[in-house]
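One structure below.
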Amino acid sequence: NAGVTQTPKFQVLKTGQSMTLQCAQDMNHNSMYWYRQDPGMGLRLIYYSASEGTTDKGEVPNGYNVSRLNKREFSLRLESAAPSQTSVYFCATAVGSGGTPLHFGNGTRLTVT
Amino acid sequence: GIQVEQSPPDLILQEGANSTLRCNFSDSVNNLQWFHQNPWGQLINLFYIPSGTKQNGRLSATTVATERYSLLYISSSQTTDSGVYFCAYRGGSTLGRLYFGRGTQLTVWP
C-alpha cells in the first residue's frame, strides 16, 4: 500500500524550462492538494481538487497549472520555471474536502537555476 | 485574511521534559490538524482535532474552538520527537483550503 506517491524526488531546472510534477494515490481519496514549502514559511497551498474533474486556486497559484487526470492522479505543471519556484513541493490527499485528515507524499525538491 | 500563528517558533528540550505547543487561529474552525515533519522531511498527521481533546501515547491535543486556539502536549520527550510541528486550520469561509502555520522547531537533546 503505497499511499501518496510523488515523482520525481529531486529535479534541477534552468530558468524558463518546463516540467510536470506527478502525484498518484491509492487511498481512494476524493480530494488532492499541492503545497509548496519554503524555509520559515510553513506550507502554502498552490492548487487543490475537491473531487475528480474540479480544480481550484489556493494561496499561491501564479506560475502553476494543474490537471486532475482521474481520481488517482493530480499533476502540477510549471510552464516556465523561475528561481522563485525553487522549493519543496508536497502533494496531499484527503477523503473529502471538508473535515478530514490530510495525508502527504514525501515531497519533490525542485531547484531552478 | 486568515491567520494561523504558532508559538514558540523554536523549542529546545532535554530528553524526558514535557512541552506545550500553541496554535492560534483567526476564524471559526471546522478543521484543525497537527503534523510532525521529521528531519527527513516527511509530514505525518498527528491529530485531526476541530474541537475537544485527543490522546495518542505521549502526545495529546486540545482545541478550544470558542477561544480560537489549539494546544499540542508532548510528555516525556524523546530525541525522535525532534522536527517541526505544524498546525493547519480550515475556517468556515475557506472551503477546501487548509492553512498552515509556520511551525515550531523542536530539538530534543539526549
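Every read-out reported here was derived from the displayed coordinates using simple, explicitly stated rules and does not represent laboratory data. Note that the coordinates shown come from a computational prediction; the quantities given were computed from them, not determined experimentally. Note that we place each Cβ from the backbone using ideal geometry, even for glycine, and neighbour counts take in every protein chain shown.
List of remarks:
- Estimated inter-spin distance, A:THR7 and B:SER75, nm [label 7 Å along Cα→Cβ]: 4.5 nm
- Inter-chain Cβ neighbour count for A:106-113, averaged per residue, equals 1 (cutoff 10 Å, partner chain atoms only).
- Taking chymotrypsin sites (Phe, Trp or Tyr not before Pro) across the stretch B:37-110, the ones in a DSSP loop with at most 12 further Cβ atoms lying within 10 angstrom of their Cβ are B:TRP40.
- If you run the Gaussian network model on chain A, springs between alpha carbon atoms under 10 Å, then out of A:THR100, A:THR86, A:THR55 the most flexible one is A:THR100.
- The equivalent ellipsoid that matches the C-alpha gyration tensor of chain A spans semi-axes of 22, 14, 13 angstrom, in descending order.
- Shape summary of the protein assembly as shown, radius of gyration then Dmax from alpha carbon positions: 17.3, 50 Å.
- Chain B: most fluctuating residue of B:LEU72, B:LEU43, B:LEU21 per GNM, C-alpha cutoff 10 Å: B:LEU43
- Choice from A:VAL66, A:VAL95, A:VAL12 with maximal GNM fluctuation in chain A (Cα, 10 Å cutoff): A:VAL12
- Test item: A:28-34 mean partner chain Cβ contacts at 10 Å: 1
- Legend: mean number of C-beta atoms from other chains within 10 angstrom of residue C-beta atoms, peptide B:50-56, equals 0.
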